[in-house]
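For reference, the structure is listed below as structure tokens.
The values are calculated or read from the model by the stated rules, or taken from the named source; none is laboratory data. A quick note: this is a predicted structure, and the numbers were derived from the prediction, not measured. Every residue, glycine among them, receives a Cβ derived from its backbone with ideal geometry; neighbour counts consider all protein chains shown.
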């Protein structure tokens with residue numbers, strides 16, 4: 001495999017230990033990704049570079065920005081081989097000898113025989129079969145990848161310009177309409193057709209990035225895709241071009257999708273004034289059940305159940321499933337401002353080989369999880385009642401997570417690396433999601449800011465203030481920490497009040513004052529007494545019906561089930577001598593007598609006595625107190641007229657109750 005010839009030069013500006021006095025025309029780093037073995041889910045990679053030191057070192061990221069878990073991408077790379085380029089073979093040698101790179105840790109390789117100034121070719125293969133937005137996936141349908149899992153970096157040369165060639169064999173186009181097989185990527189590209197023998201015809205897509213760190217922020221997909229383009233305008237009336245790509249089997253109403261996504265994106269520009277990008281790319285793969293998204297510098301990679309896409313008869317108010325997809329688009333789009341531009345300070349010059357701990361993820365993912373749905377209604381894509389339904393879902397998730405009493409949202413942020421992406425049967429008892437609680441902390445902060453400033457300022461002004469700071473910075477980015485939050489929020493509310501809020505609800509675990517704050521803004525929280533916690537979490541345990549019996553997935557601490565000795569992964573086979581199923585459990589969940597349960601733990605049969613109406617055994621013994629009551633399901637509705645008087649009937653007065661909070665465009669700071 002021969003790498004494409006370099007066609008540009010770049011002056012080296014950093015200090016390097018090379019044997020030459022100076023290298024003024026350092027060749028770019030180039031990658032060639034050959035997808036000829038797509039049916040085996042393999043990509044053959046060729047990396048070409050000029051060494052700037054003896055024994056150069058190569059490394060691969062262990063995680064991808066935006067997803068805070070050590071993914072260990074290097075596990076998908078087989079042996080790495082290298083040689084000097086043909087042009088540097090010594091006189092008398094017929095060919096360059098190929099060496100095996102020396103691996104020194106889980107994601108680092110050394111090239112011991114290479115000396116400074118030599119042009120090197122490195123070759124390796126990558127296994128690509130992870131259907132997510134974080135890594136790479138290659139088969140007969142699509143060629144998708146993030147360069148964090150494909151492209152080895154040359155240590156010390158990460159700032160050198162990068163050239164990329166994506167080589168697609170003609171065989172990949174079989175059974176596809178060639179005109180529909182296109183490249184989706186935030187980077188500009190050149191498409192070339194390389195004509196060889198009939199079995200060797202190839203297509204080449206060429207990309208260029210200013211450096212390695214820029215390259216890894218541009219995922220790509222080559223597949224049969226539907227596409228539409230649209231334009232939005234900033235406050236200076238400049239146009240920003242957007243492209244939306246959709247692959248996978250689907251029957252989406254592309255016209256409706258274009259209308260709604262355009263409306264959402266324009267609303268963000270109306271609010272924030274301008275964008276940190278000149279163009280933007282949505283990349284979406286429609287699947288059966290998979291769901292997720294990941295933000296990038298001027299694009300987002302999304303995966304969605306095809307049922308979440310709009311159909312030909314999509315109603316004016318989007319269906320619940322379609323609202324979920326639009327919320328995903330909104331969430332990742334906002335991240336261009338609020339993660340890629342304004343970001344946690346530890347993410348500015350981040351080392352992707354090590355964790356970057358921060359207590360600030362609740363600010364970035366939490367604020368975004370609040371604003372994403374809010375902007376659906378601010379744009380007019382959904383109405384206010386549907387927005388309140390989405391907000392109620394967030395509130396329900398919060399109330400149904402007893403771990404909110406044990407872990408603060410700041411701690412949840414810091415522990416993302418070891419907890420959020422590694423859920424188990426104890427997750428709900430031990431902690432809270434910084435997405436979920438962070439969104440509700442953002443809601444509370446928004447409502448408090450409105451109250452304290454007589455509806456003049458709100459959370460959106462805080463975000464905009466940080467974005468304004470970023471634009472004034474030379475790099476057009478800033479990193480912030482908890483102290484910076486106080487400095488900016490202190491411009492809009494008394495700093496002592498913010499510090500009290502932070503102590504109680506961010507660093508502490510006090511119950512959020514959601515109900516009171518909503519009521520003050522004309523929204524009443526109603527508890528559905530027919531949908532109680534006990535109905536859906538009988539005895540404080542979550543289970544599902546299987547052929548073997550009732551399989552226990554989670555047991556709440558202090559619950560009836562926990563006190564009886566029932567544990568996660570147990571399988572209840574009989575309740576009071578009757579075969580266990582959901583109906584049998586429901587009929588006895590509130591029994592007034594002890595209930596006998598036979599269950600299997602692993603392969604051992606056990607019998608436990610359940611006391612549904614268990615009472616404390618002794619005063620002052622917290623371990624025996626009944627579990628904390630919380631509603632299974634709440635709903636939100638507009639209180640007509642005066643929020644303190646639920647029965648006023650003036651519709652004009654009722655509608656006015658929405659304005660301070662739900663009409664985001666009514667008041668904006670200068």
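Quick check on my filter: what residues within segment 571-583 are out of contact with any helix residue (DSSP H, G or I) (no Cβ under 9 Å at 6 or more places or on another chain) and either buried (at least 17 other Cβ atoms within 10 Å of the Cβ) or part of a strand (DSSP E or B) (or both)?
Listed by number, the residues that qualify are 571, 573, 579, 580.
Can you find a residue in segment 116-126 that is surrounded by fewer than 23 Cβ atoms within 10 Å (Cβ to Cβ) and within 26 Å of the chain's Cα centre (by Cα)?
Scanning segment 116-126, I find no residue that is surrounded by fewer than 23 Cβ atoms within 10 Å (Cβ to Cβ) and within 26 Å of the chain's Cα centre (by Cα), so the answer is no.
Would a scan of segment 96-106 turn up a residue that is outside the structural domain of residue 421 (by TED's automatic domain parsing), farther than 30 Å from residue 67 by Cβ, without any contact (Cβ under 8 Å) to a residue 60 or more places away in the chain and in contact with a helix residue (DSSP H, G or I) (Cβ under 8 Å, 6 or more places away or on another chain)?
Within segment 96-106 (the criterion being outside the structural domain of residue 421 (by TED's automatic domain parsing), farther than 30 Å from residue 67 by Cβ, without any contact (Cβ under 8 Å) to a residue 60 or more places away in the chain and in contact with a helix residue (DSSP H, G or I) (Cβ under 8 Å, 6 or more places away or on another chain)), the answer is yes, since at least one residue qualifies.
Tell me yes or no: at least one residue of segment 531-539 is under 36 Å from the mean Cα position of the chain (by Cα), surrounded by 17 or more Cβ atoms within 10 Å (Cβ to Cβ) and modelled with pLDDT of 90 or more.
Yes, there is a match, as at least one residue in segment 531-539 is under 36 Å from the mean Cα position of the chain (by Cα), surrounded by 17 or more Cβ atoms within 10 Å (Cβ to Cβ) and modelled with pLDDT of 90 or more.
Within the bounds of segment 193-201, is there any residue that is part of a loop (DSSP other than H, G, I, E, B) and modelled with pLDDT of 95 or more?
First, the residues of segment 193-201 that are part of a loop (DSSP other than H, G, I, E, B): 195-197, 201.
In the following step, the residues that additionally are modelled with pLDDT of 95 or more were identified as none.
Checked against the condition, which is being part of a loop (DSSP other than H, G, I, E, B) and modelled with pLDDT of 95 or more, segment 193-201 yields no hits at all.
Given the options 294, 240, name the one that is in a strand (DSSP E or B), surrounded by fewer than 23 Cβ atoms within 10 Å (Cβ to Cβ) and either outside the structural domain of residue 374 (by TED's automatic domain parsing) or under 16 Å from the mean Cα position of the chain (by Cα) (or both). Show your work before the answer.
Values: 240 fails: either outside the structural domain of residue 374 (by TED's automatic domain parsing) or under 16 Å from the mean Cα position of the chain (by Cα) (or both).
When all the criteria are applied, what remains is 294.
When you check residue 263 against the structure, is it at pLDDT below 95 and assigned by TED's automatic domain parsing to the domain that holds residue 328, yes or no? So that I can check it myself, show each step before the final result.
Details: at pLDDT below 95: no; assigned by TED's automatic domain parsing to the domain that holds residue 328: yes.
The answer is no for residue 263.
Determine if segment 99-116 includes at least one residue that is at pLDDT 95 or above and under 18 Å from residue 37 (Cα atoms).
no
Applying the selection to segment 207-237, what residues are surrounded by fewer than 15 Cβ atoms within 10 Å (Cβ to Cβ), outside any strand (DSSP E or B) and touching a helix residue (DSSP H, G or I) at 6+ places or on another chain (Cβ under 9 Å)?
Selection gives 235 alone.
Being over 13 Å from residue 338 (Cβ atoms), part of a helix (DSSP H, G or I) and in the same structural domain as residue 336 (by TED's automatic domain parsing) narrows it down to one of 483, 465, 470, so name that one. Let's see the steps before the verdict.
On the way: 465 fails: over 13 Å from residue 338 (Cβ atoms); 470 fails: over 13 Å from residue 338 (Cβ atoms).
From the options 483, 465, 470, the qualifying one is 483.
Go through segment 307-347 and report how many residues are farther than 17 Å from residue 379 by Cβ, under 19 Å from the mean Cα position of the chain (by Cα) and in a helix (DSSP H, G or I).
The qualifying residues number 5.
Which residues, taken from segment 252-291, are part of a strand (DSSP E or B) and either more than 30 Å from residue 478 (Cα to Cα) or under 20 Å from the mean Cα position of the chain (by Cα) (or both)? If you could, list the steps in order and put the result at the bottom.
Our first condition is that a residue be part of a strand (DSSP E or B); within segment 252-291, this holds for 279-287.
Within segment 252-291, 280, 281, 282, 283, 284, 285, 286, 287 qualify.
Please give the number of the condition residue 600 fails out of (1) surrounded by fewer than 18 Cβ atoms within 10 Å (Cβ to Cβ); (2) in contact with a helix residue (DSSP H, G or I) (Cβ under 9 Å, 6 or more places away or on another chain); (3) outside the structural domain of residue 441 (by TED's automatic domain parsing).
(2)
Can you confirm whether residue 542 is within 30 Å of residue 393 (Cα to Cα) and either at pLDDT 95 or above or assigned to a strand (DSSP E or B) (or both)? Spell out the reasoning first.
Working: within 30 Å of residue 393 (Cα to Cα): yes; either at pLDDT 95 or above or assigned to a strand (DSSP E or B) (or both): yes.
In short, yes.
Can you go through 516, 496 and tell me which one is assigned by TED's automatic domain parsing to the domain that holds residue 430, farther than 25 Å from residue 432 by Cα and either without any contact (Cβ under 8 Å) to a residue 24 or more places away in the chain or more than 36 Å from the chain's Cα centre (by Cα) (or both)? Spell out the reasoning first.
On the way: 516 fails: farther than 25 Å from residue 432 by Cα.
Going through 516, 496 in turn, the sole match is 496.
For segment 297-306, what are the residues that are in contact with a strand residue (DSSP E or B) (Cβ under 7 Å, 6 or more places away or on another chain) and either within 21 Å of residue 220 (Cβ to Cβ) or in a helix (DSSP H, G or I) (or both)? Steps first, answer last, please.
Just the residues of segment 297-306 that are in contact with a strand residue (DSSP E or B) (Cβ under 7 Å, 6 or more places away or on another chain), to begin with: 298-306.
Selection gives 298, 299, 300, 301, 302, 303, 304, 306.
Taking helices (runs of 4 or more DSSP H) that do not extend beyond segment 355-451, which have at least 1 residues that are surrounded by fewer than 18 Cβ atoms within 10 Å (Cβ to Cβ) and touching a strand residue (DSSP E or B) at 6+ places or on another chain (Cβ under 9 Å)?
The helices (runs of 4 or more DSSP H) meeting that bar are 384-399, 427-430.
When both residues are 6+ apart or on different chains and their Cβ atoms are under 6 Å apart, which pairs have a first residue that lies in segment 565-592 and is touching a residue at least 24 places away in the same chain (Cβ under 8 Å), and a second that is loosely packed, with under 13 Cβ neighbours inside 10 Å?
That search, which allows pairs on different chains as well, returns 571/548.
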